[in-house]
Amino acid sequence: MRVEMKKEFEEKSIATAIKTLKEELPSNVKLVAVSKFHPAEAVMEAYSAGQRIFGESRPQELAAKAAVLPGDIVWHFIGHLQTNKLKMVLPVSSMVESVDSLHLLEAIEKWAGDNGKTVCVLLEMHIASEATKQGFSREEILDIASKAGDYPHIRICGLMGMATFTDNEEIIRKDFAKLVTLRDEIRAGIENYPGLPADFGILSFGMTHDYRVAVEMGADIVRIGTLIFGERSY
Ligand SMILES: *Cc1c(COP(=O)(O)O)cnc(C)c1O
């Protein structure tokens, strides 16, 4: 699947990749263009092609780009976030998609309360088979959902996840299904989670190599980097 996709998008400009993706994605699916490790000029190229939502995974990089790029860009933070970096990220982000610990949730609540803001977050669920990936278990998410009222300055809008890094579509589907099932379960019993927003249930899943499967399975947000901006040099 990955090989096929590369050929298809090879040699295309950032603008063309954005256009092609916009045509392909259903209108109800939001595209987060993951610009991490790519320069501000690359973001501008995508911006000029009409893209407005961008994803970044490192606080300094996000803050630096947000300072020089157009103010109508909507930034999603998608990386592991240390609590001492919150003040770089939260003032410029519309959403933190990658809340992966209670400690972080509590720190965001404190920052938001102190600054008179409400922060929109997704809880990251550990759905991959790699133990190295971040995220909560199903039980932990249900527990947080039931205590969402403890975080009055946070809107827990939904769930995010990253599937196992594999070309085996069956495994990817199984991973993604964990997010869909848990979201549906919470929605079905939403009266048990009075602290959650009534429209709880945004699902963010799908990246360059698995976004088509994600769209098919009902992702509301896909986060795509390589397909748009090319390979990253770490
Ligand atoms: C880097 C990253 C992406 C984008 O990955 P690509 O394979 O380049 O599309 C999506 N989500 C998260 C959380 C990431 O860190």
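Starting at the first residue of the stretch 125-137, write each ³J(HN,Hα) from the Karplus equation 6.51 cos²θ - 1.76 cosθ + 1.60 with θ = phi - 60°, in whole Hz, x for Gly and Pro.
Once rounded to whole Hz, the list reads 9, 7, 10, 7, 7, 5, 6, 5, 6, 7, x, 7, 7.
F37 to K19: extension gain in nm, 0.36 nm per residue of separation minus the Cα-Cα distance?
On the way: separation 18, 0.36 × 18 = 6.48 nm, distance 2.15 nm.
My answer for the length gained is 4.3 nm.
How big is the stretch 123-182 on each of its three principal axes, counting only the C-alpha atoms and giving the largest first in Å?
41, 22, 17
Go through the stretch 59-136 and name the GluC sites (Glu not before Pro) that are in a DSSP coil and have 12 or fewer other Cβ atoms within 10 Å of their Cβ. Working shown, then result.
Values: sites: E61, E97, E106, E109, E124, E130; in loops: E130.
Answer by residue number: E130.
Write down the accessible area per residue of the chain in Å², having rolled a 1.4 Å probe over the full set of protein chains. Kindly include the intermediate steps, with their values, before the conclusion.
On the way: 10870 Å² over 234 residues.
For the chain, the per-residue accessible area is 46 Å².
Using per-residue counts of other Cβ atoms within 10 Å, averaged over each peptide, order 174-182, 192-200, 51-59 from highest down. Write down the numbers at each step before the final one.
Numbers: 174-182: 18.8, 192-200: 14.4, 51-59: 21.6.
Highest mean packing first, the order is 51-59, 174-182, 192-200.
For the stretch 62-121, which trypsin sites (Lys or Arg not before Pro) are in a loop by DSSP, counting at most 14 other Cβ atoms within 10 Å? Before the final figure, lay out the partial values.
Values: sites: K65, K85, K87, K110, K117; in loops: K117.
Passing both the DSSP loop test and the Cβ count: K117.
Can you give me the distance in nm between label points at T83 and A198, each placed 7 Å from the Cα along the Cα-to-Cβ direction?
Label-label distance for T83 and A198, simple model: 3.4 nm.
In whole percent, what relative contact order does the chain give with Cα contacts below 8 Å and a gap of six or more residues? Intermediate results must be reported in sequence, preceding the final value.
Values: 415 pairs, mean separation 47.0, N = 234.
Contact order relative to length: 20 percent.
How high is the relative contact order of the stretch 98-173? Use alpha-carbon pairs under 8 Å, at least six apart in sequence, and give a whole percent. Before the final figure, lay out the partial values.
Values: 101 pairs, mean separation 28.1, N = 76.
Computed value for the stretch 98-173: 37 percent relative contact order.
Roughly speaking, to the nearest percent, how much of the chain's 1.4 Å accessible area is carbon and sulfur? Walk me through the numbers before you get to the answer.
Values: 5680 of 10870 Å².
Carbon plus sulfur share of accessible area: 52 percent.
Could you work out the helix-only [θ] at 222 nm for the chain, with each DSSP H run of four or more residues adding -39,500 (n - 2.57) and the total divided by the number of residues, to the nearest 500 deg cm²/dmol? Intermediate values should be presented prior to the final figure.
Numbers: 10 runs with 94 residues, N = 234.
Theoretical 222 nm ellipticity from helices: -11500 deg cm²/dmol.
If a paramagnetic tag sat 7 Å from the Cα of F165 along the Cα-Cβ line, which residues of the stretch 113-140 would have the backbone N under 11 Å from that point?
Within reach of a label on F165: 130, 132-133.
Figure the gain on full extension for D72 and I190 (residue separation times 0.36 nm, minus the Cα-Cα span) and round it to one decimal in nm.
On the way: separation 118, 0.36 × 118 = 42.48 nm, distance 3.30 nm.
So the extension gain works out to 39.2 nm.
Can you give the FRET efficiency to the nearest 0.05 for K174 and H103, using r as the Cβ-Cβ distance and R₀ = 41 Å? Provide the component values of the computation, followed by the final result.
Numbers: r = 29 Å, r/R0 = 0.71.
In this case the efficiency is close to 0.90.
Treating only the Cβ of Lys, Arg, Asp and Glu as charged (+1, +1, -1, -1), what charge dipole size does the stretch 185-234 show about its Cα centre? Round to the nearest 20 debye.
200 debye
So for the stretch 143-234, Kirkwood radius off the Cα pairs, Stokes-Einstein at 25 °C and 0.890 mPa s: how many µm² s⁻¹? Walk me through the numbers before you get to the answer.
On the way: Rh = 14.4 Å.
D = 170 µm²/s.
Please list, short to long, the whole-number percent of alpha-carbon pairs of the chain in consecutive 5 angstrom bins beginning at zero.
Per 5 Å bin, starting at 0, the Cα pair percentages come out as 1, 7, 15, 18, 20, 17, 13, 7, 2, 0, 0.
The values are calculated or read from the model by the stated rules, or taken from the named source; none is laboratory data. Quick caveat, the model's predicted, so the values are computed rather than measured. Neighbour counts are summed over all protein chains in view; Cβ atoms, including those assigned to glycine, are modelled from backbone coordinates with ideal geometry. Heavy atoms of the whole protein, side chains included, go into the accessibility calculation; ligands, DNA and RNA do not. Shrake-Rupley method; radii C 1.70, N 1.55, O 1.52, S 1.80 Å.
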